[in-house]
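Trainee: Just passing along the structure, written as structure tokens.
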Amino acid sequence: MGKIKILSEEVANRIAAGEVVERPASVVKECVENAIDAGATEIIVKIVNGGKDFIQIIDNGSGMSEEDAFIAFERHATSKISSADDITHIDTMGFRGEALPSIASVSRFQLITRSDKDQTATEINFSGGRLDLVQQTASNKGTTITVKNLFYNVPARRKFLKTEPVEYRHILNYMHYQAVLFPNISFIFYNNDKEKFNYPITGDVEKRMLDIFGTTFTKQNLLFLQKDTAIIKINGYLQDIDSPTATNLTKNDSFTPAQNSFFDVHYVFVNRRFINDKTVYSAIKSAYEPFLKKYRFFESGKLPNYILIIDIDPEEIDVNVHPAKTEIRFRNPAAVYQFVKETIYDCLYDKEMNAYNDTKNKLSSLPLSSPLSQREQFIAQEILNPVSEKPASPPAPLTTPVTPENQAKGISIKDIERSILPIQRSNQNFTQNHPSKPSAPVYTATPAIEKGWQSIYNPHEQNQRFAADQIEILKTLKEEFIPPWQLHQTYILIQTDSGFVAIDQHAAHERILYEKLLKNIENKKPNKQKLLFPLVIDLPTFLSESLMEVISQNIETFSDLGFTVKTFSGNSIVLDDIPSEIEYWDGGNIFLDILQQLQDELAHTKDFRIASAASVACKAAIKAGKKLTKKEMIELVNELFTCEFPFQCPHGRPLIIKISLTDIEKMFKRII
């Protein structure tokens, strides 16, 4: 007998399920997309235990006849395409015909459906891919799919599912993607028998965004962009770099990063699909980059929020790349990249030009009628200190804010006319501001903590390995023969006997705060600072759906951290005390940042104490871009080495790298 066998239908369906059904959110995705293709105007989704125990999708779409309902459970049975040519111009959400048989093979599955032409509905039940029941029943027009005990017959797959909050969040995020994209459909969502949202039909995307994200999001200086060509068109919203929340100077005359991360809205839709595509993301990042580098209103590595809806000729993309249809392939990725990049860049550039002209007009008529914003202060410095070419790095902000009472003297129209705008429009020589990096030998510094599981779970070993480095660093700081210095207001550089070390100031402070907060939780002796007046925070709709329950269940842990939190009805919470470790409170926005960070942390650990301490430490730590004095740098490093594990941040990433003198000499070819 030969070695090669034809797999049974049951085994084939389970293999297909592994590709299509990754987690409960995959089930919701496939069924909701089928409902959209069926022309539904109302879609109701109910889940229990993050979708692991129960998922139900109810729609009022066209439904199916009894014959079609049977055929739908055959692999590659679909009403969306009929020939190979149809694959090149797909305009529906689904088309592969694998969803229903794949889901039915790994769950207890029930389908109830009725078309307009039928008097009764058809009910079909499956258990682990085996047909259990077929009968006629009563039902409204449309389809109801119920999925129970997902992966009950594949325990190896079920054990890899995450905790209930994590799986719930994946489903919630998907529902938000679809709700934004289809404002003409009503979406209702229940979690554990509690209604989480009910978005009525509206023909306006902006109105739907207001329903989902609340007024706080829509106040983030959103810029509307739109551009059409014969093949591709784009429209959507960009958050301007001049966020209204980034308006306060720190104690060291550096700008506070925009506190907007609790939204984290980075949505890209291509032909009505939410996709993760490197080409589009790279274009967005490249378009924002010169503006972010100039002002540094956002934390390093963070992008402002955006919602982009791209429509392209179906023949220009291949959606049949991934079984879950979360990835696509562009026929001409270079052209798509340039189109997206230039569209976004030009939108931001026009806003920059308007701000530039407004600032010129303000400075040309003295005295000033109103104080200059942070952005205007940057532009004013360019005007007052014109240069022949663009500086290598963004100019420092004005030390003294320009106000009617304290305005710069000697400003003239000639000064203004001599000034330049460093950022150019994309249809000019765009590459001048983005010179290609010269080819040079690539040198990768050896991190103090090597990558891998071993380093993350064995920090004691790292302490032993780098004990000598710690002694050298402390010795240098004590002697103060060569003081530490700051690189790009982000890294602290310290010379040692054998070379030098670089310390990530944010990660170092994060480690310090993390260990302090864990001790506070353990000892139940938090360091609190009482607010002058209790602060009432209305959680954005986007957050309240998933976080009110988390807050209510962990009031005591929040108290051990230093937060005195009270929950009210609706989406409101009240804060009376906050941890003393939080230096810049930002009117309560930092607490929203902590809550958003907490959701990310809970995806990696089930221990709420660890997750909450890491969240507070991350948001309370000094940020990249903050200027530190020599004294502050020394105090930070000395305090770092009082920590139990000073060589890695709470997430296991290295916070110190060491470059030896020998390595430097090799790069300069002084030695071989």
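Trainee: Distance in nm between label sites at S660 and E67, each 7 Å beyond Cα in the beta-carbon direction?
Mentor: Distance between the two pseudo-spin positions: 7.9 nm.
Trainee: Mind listing the long-range amide H neighbours of I317? Cut-off is under 5 Å, sequence gap 5 or more, other chains count too, H placed in the peptide plane at 1.01 Å from N.
Mentor: Correct list: R331.
Trainee: Let me ask something additional. Please compute the length gained on full extension between H651 and T557, using 0.36 nm multiplied by the number of residues separating them and subtracting their Cα-Cα distance.
Mentor: Values: separation 94, 0.36 × 94 = 33.84 nm, distance 2.01 nm.
Length gained, H651 through T557: 31.8 nm.
Trainee: For C618, what accessible area in Å² do you get when you roll a 1.4 Å probe over the heavy atoms of the protein chains, rounding to the nearest 10?
Mentor: About 20 Å², ignoring ligands and nucleic acids.
Trainee: Calculate, in nm to one decimal, what R331 and N192 gain on full extension: separation in residues at 0.36 nm each, minus their alpha carbon distance. Kindly include the intermediate steps, with their values, before the conclusion.
Mentor: Values: separation 139, 0.36 × 139 = 50.04 nm, distance 4.36 nm.
This chain segment gains 45.7 nm when fully extended.
Trainee: Work out the FRET efficiency for N361 and E315 from their Cβ-Cβ distance, taking R0 = 56 Å, and round it to the nearest 0.05. Intermediate results must be reported in sequence, preceding the final value.
Mentor: Numbers: r = 49 Å, r/R0 = 0.87.
Approximately 0.70, to the nearest 0.05.
Trainee: Once the whole set of protein chains is in place, how much accessible area is left on I555, using a 1.4 Å probe, in Å² to the nearest 10?
Mentor: The accessible area of I555 comes to roughly 60 Å².
Trainee: Based on the Cβ-Cβ distance of F533 and Y152, what FRET efficiency does E = 1/(1 + (r/R0)^6) give at R0 = 45 Å, to the nearest 0.05?
Mentor: Details: r = 53 Å, r/R0 = 1.17.
The formula returns an efficiency of 0.30 here.
Trainee: What's the extension gain from E206 to D132 if we count 0.36 nm per residue and subtract their Cα-Cα distance? If you can, show how the numbers build up before the last one.
Mentor: Values: separation 74, 0.36 × 74 = 26.64 nm, distance 4.60 nm.
Working it through step by step, the gained length comes to 22.0 nm.
Trainee: Continuing with the same structure: According to a simple spin-label model (label point 7 Å from Cα along Cα-to-Cβ), what is the distance in nm between D264 and E549?
Mentor: 1.8
Trainee: Right, another one. Using the structure shown, list the pairs from K52/K285; K341/K606; K141/K194; K606/K631; K148/K196 with a Cα-Cα distance above 32 Å, or answer none.
Mentor: Numbers: K52/K285 36 Å; K341/K606 40 Å; K141/K194 25 Å; K606/K631 39 Å; K148/K196 20 Å.
Correct reply: K52/K285; K341/K606; K606/K631.
Trainee: With each pseudo-label sitting 7 Å past Cα toward Cβ, what's the D116-D497 distance in nm, one decimal?
Mentor: Going from the D116 label point to the D497 one covers 8.7 nm.
Trainee: Give the accessible area for I622 in Å² (nearest 10); use a 1.4 Å probe, count only protein heavy atoms, and leave out ligands, DNA and RNA.
Mentor: The value for I622 is about 20 Å².
Trainee: Further question: With θ set to phi - 60° and the Karplus curve 6.51 cos²θ - 1.76 cosθ + 1.60, what are the ³J(HN,Hα) couplings of the range 119-129 in order, to the nearest whole Hz, using x for Gly and Pro?
Mentor: Karplus values, whole Hz, x for Gly and Pro: 7, 10, 9, 9, 10, 10, 10, 10, 10, x, x.
Trainee: Quick one: which of 117-124, 130-137 comes out on top by average Cβ neighbours within 10 Å, and what's the full order, highest first?
Mentor: Working: 117-124: 16.6, 130-137: 11.5.
Top of the packing list down: 117-124, 130-137.
The values are calculated or read from the model by the stated rules, or taken from the named source; none is laboratory data. It should be emphasised that the depicted structure is a prediction, and the values quoted were computed from it without experimental measurement. Here the Cβ is made from the backbone with ideal geometry for all residues, glycine too, and neighbour counts use every protein chain on show. Side chains are part of the model used for accessible areas, which takes the heavy atoms of the whole protein and leaves out ligands, DNA and RNA. Shrake-Rupley method; radii C 1.70, N 1.55, O 1.52, S 1.80 Å.
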